[in-house]
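All of the numbers you see were taken from the coordinates with simple rules; none came from a lab. What you see is a predicted model; the values in this text were computed from it and never measured. Cβ placement follows ideal geometry from the backbone for every residue including glycine, while neighbour counts extend to all protein chains displayed.
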Amino acid sequence: MSEQPARDDAFERGNTHLALGELEAAEVAYREAVATDDDFFDGWQALGMTLLKLGKVKEAIGCGIKATLLKPDDLLAWTGLSQMYVRDGQIAEAEKAKANARVLSMGGKVSKLQG
C-alpha cells in the first residue's frame, strides 16, 4: 500500500514530538497520519490523547470514538475514551466506556455486545 510509508513517517514524527513535549507539533503530525489512512487506529488513538492533553476535549472524543469503532475490543481505546468523557463532564458516557474497558480486562469482547 503506497500510503503506508507516509502514514508511518507522520506517526513517528508525532511520537517524537510527543516525547519532546511538543504537543502542537505532535497534533499536526498525527492529523497527517490519519489523513493519509482513515483506518489507522494507532493514529486516531494518539491524536485523541494528544488533543485531550491540549484541552481540545470535543475533538479528542471524536478521535476516541473513531478508535473504538476501528478496534472495538481494544482496552486502551475504551479507557482513553472514558477519560475524554470524564474531562468533558459526560459521566454517563464515561461510565459506559469504562464498563466496556472492564469487560475487555476480564477477557470479554465488546464487539459481541449489543447496544
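Along each of its three principal axes, how wide is the spread of alpha-carbon positions in the chain, in whole angstrom units, largest first?
36, 32, 19
In degrees between 0 and 90, to the nearest 10, how far off the longest principal axis of the chain does helix 57-70 point, with axes built from Cα atoms?
Between helix and principal axis, roughly 80 degrees.
Using only Cα atoms, tell me the angle between helix 91-105 and the longest principal axis of the chain; keep it within 0 to 90° and round to the nearest 10.
Its long axis makes an angle of about 90 degrees.
Once you list every other residue whose beta carbon is under 11 Å from the beta carbon of Arg87, what net charge do they have if Lys and Arg are +1 and Asp and Glu are -1? Could the numbers behind the result be given before it?
On the way: positive: Lys53, Lys56, Lys58; negative: Asp88.
In short, +2.
Along the charge dipole of region 4-105, pointing to its positive end and built from +1/-1 on Cβ of Lys, Arg, Asp and Glu, which listed residue (Ala10, Leu75, Ala99) has its Cα farthest out?
The residue sitting farthest along the positive end of the dipole is Ala99.
How high is the relative contact order of region 4-105, in percent, with contacts defined as C-alpha pairs under 8 Å that are six or more residues apart? All intermediate terms of the calculation are to be shown ahead of the outcome.
Working: 133 pairs, mean separation 18.6, N = 102.
The value is 18 percent.
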